[in-house]
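These notes concern the structure reproduced below.
The values are calculated or read from the model by the stated rules, or taken from the named source; none is laboratory data. Source: prediction; values computed, not measured. Here the Cβ is made from the backbone with ideal geometry for all residues, glycine too, and neighbour counts use every protein chain on show. Areas reflect the complete protein model, heavy atoms only, side chains present, ligands, DNA and RNA absent. Shrake-Rupley method; radii C 1.70, N 1.55, O 1.52, S 1.80 Å.
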Amino acid sequence: MKALDELTFDNRFARLGDAFSTHVLPEPLDEPRLVVASKAAMALLDLDPAVAETPVFAELFGGHKLWAEAEPRAMVYSGHQFGGYTPQLGDGRGLLLGEVYNEAGEHWDLHLKGAGMTPYSRMGDGRAVLRSSIREFLASEALHALGIPTSRALCVIGSSTPVWREKQERGAMVLRLAHSHIRFGHFEYFYYTKKPEQQAELAEHVLNLHYPECREQPEPYLAMFREIVERNAEMIAKWQAYGFCHGVMNTDNMSILGITFDFGPFAFLDDFDAHFICNHSDHEGRYSFSNQVPIGQWNLSALAQALTPFISVEALKEALGLYLPLYQAHYLDLMRRRLGLTTAEEDDQTLVEGLLKLMQNSGVDYTLFFRRLGDESATLAVARLRDDFVDMAGFDAWAERYKARVARDGDYTQEQRRERMHAVNPLYILRNYLAQNAIAAAESGDYSEVRLLHDVLTRPFEEQAGMEQYAQRPPDWGKHLEISCSS
Ligand code: AMP
Ligand code: MG
């Protein structure tokens, strides 16, 4: 276990130099205080969890202090936003403080979001508000607990610094961890600004540090792109299987590591709704729940375009062709497991689709349906769940198919079925209204609810005594919350 001053830095991205990032010091928040910290994330840095409670922790992650070896940098990138190219983006309010490596030899980027203005702030103030910082923190740690690849969050630091959004709010910072903060938009930036040398340097950097095994392949860059395609297909399959809607899948928010990245107006589905749009400024539904699948491919094509200096168009197209089949295989595999199935049959796809259509028509809670399905034998569970469906005849027909499929699947006890299903079907997810309750308390200075909710969400598959209220459908006020897109 390390103390805060024992972290070891190795700032590999900073060493790429000024063409890639700009040195900027964090702008401190007034009266920094710990809102919440993740012990699991602290363990990634070998940090003793007790240090979160020390004043120096809030000073470091509230922008007041810096390690001598830290080299805070704002990264430059660009990207396609809602389908259109924005030539100049970059860290407008976040800083890469440096890269820390742990005792296991892993490097972790320390990225402080809400750290003040940078050369890439454009019209923004460089700040992040408490509300959005809490949402990013909770989402990162909740997705990780569900087994969905994501950036992590070490802590949220609150403050008394006023920040103006639709109304006056308070500034906060969230310390984000990831093996890299390089986005699709980094490659697009050097491609569209016609800087082939830097573009090559960036590609070498990513290949060497993040895809070293691709070096062994005859075409290392192609192997790397293929791997990025595969990772994205898998990540998005998990989003779809668990009902996560990202909301702003611009290419500047897509990580080259295939991890969930840059949380904005995201939401988990309460009722199943394929057409759900969590981002209220997304009028066309470009990033609606079901569109995440084709948009994943669209984004990969944008990255492919930026990689044309290194890889033939033919090969890029072939690699892009892997996306949909891989996505489908991962998705179906997960959905089979959610249904308690251990074998694969041709018709499983239509079994899943049939269920989703029924859920859509009746507004059935996506998370609780699967959890309850595993509580009992297939026969007893469908008999109980039937009441949630408006089209009962339709559900009965599906239930017959399901029971027959379960019978063909194998011979196992109800105990085994429950255990296996509960291990993939969470009881607790980050529902918008739960986040909202925790945020309202935090805004009035009480952080206990954020901490408790975080704690519950770190063990989503495990029934926790006395936590029933976190496993409920939203109350009426919490059903269609308009989450502000300002952050
Ligand atoms: P986002 O939609 O949060 O991914 O942000 C898109 C771009 O706007 C990124 O380059 C951000 O750094 C920048 N940005 C967002 N909010 C702010 C802010 N309050 N101040 C400065 N830049 C910002
Ligand atoms: Mg972003």
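Between the helical axis of 220-242 and the longest alpha-carbon principal axis of the chain there is an angle of about 50 degrees.
Pairs Lys2/Lys113; Lys113/Lys167; Lys403/Lys479; Lys357/Lys479; Lys2/Lys39: which are spaced more than 22 Å apart, C-alpha to C-alpha?
On the way: Lys2/Lys113 24 Å; Lys113/Lys167 20 Å; Lys403/Lys479 32 Å; Lys357/Lys479 20 Å; Lys2/Lys39 13 Å.
In this structure, Lys2/Lys113; Lys403/Lys479 lie more than 22 Å apart at Cα.
Summary of the geometry: segment 31-80 and segment 244-309, compared by the centres of their Cα atoms, lie 28 Å apart. Partners of Lys317 within straight-line reach, counting aspartates and glutamates whose Cα lies under 16 Å from its Cα and excluding those fewer than 8 residues away in the same chain: Glu219, Glu227, Glu230.
Sparsely packed loop sites in segment 389-487 (the GluC sites (Glu not before Pro) outside DSSP H, G, I, E and B with at most 16 other Cβ atoms within 10 Å) comprise Glu462, Glu463, Glu482.
Specify the angular offset, from 0 to 90 degrees and rounded to the nearest 10, of the alpha carbon long axis of helix 292-306 from the longest principal axis of the alpha carbons in the chain. It is inclined by approximately 30 degrees.
For segment 4-184, what does the alpha-carbon gyration tensor say about shape, rounded, prolate or oblate, given a ≥ b ≥ c as the root eigenvalues, a/c under 1.5 as rounded, and a/b over b/c as prolate? Here segment 4-184 falls in the rounded category.
Rounded to the nearest 500, the 222 nm mean residue ellipticity of the chain from helices alone is -12500 deg cm²/dmol, with -39,500 (n - 2.57) taken per DSSP H run of at least 4 residues. Placing R0 at 60 angstrom, the Cβ-Cβ distance between Val390 and Asp125 gives a FRET efficiency of 0.80 after rounding to 0.05.
Counting only heavy atoms of protein chains, what accessible area per residue, in Å², does segment 339-422 have with a probe of 1.4 Å?
Values: 4120 Å² over 84 residues.
About 49 Å² of surface per residue is accessible.
May I ask for the net charge around Phe61, where only other residues with Cβ less than 12 Å from the Cβ of Phe61 are counted and Lys, Arg are +1 while Asp, Glu are -1? Here the count lands on +3.
Leaving out ligands and nucleic acids, and using a 1.4 Å probe, what accessible area per residue does segment 1-94 come to in Å²?
42 Å²
Where does helix 348-362 land angle-wise versus the long Cα axis of the chain, in degrees 0 to 90, nearest 10? Roughly 90 degrees, rounded to the nearest 10. log₁₀ I(q)/I(0) of the chain at q = 0.05, 0.13 Å⁻¹, via Debye over equal Cα point scatterers, no solvent, to two decimals? So the normalised log intensities are -0.19, -1.28. Each label was represented as a point 7 Å from its Cα along the Cα-to-Cβ direction; for Asp30 and Ala404 these points are 7.0 nm apart.
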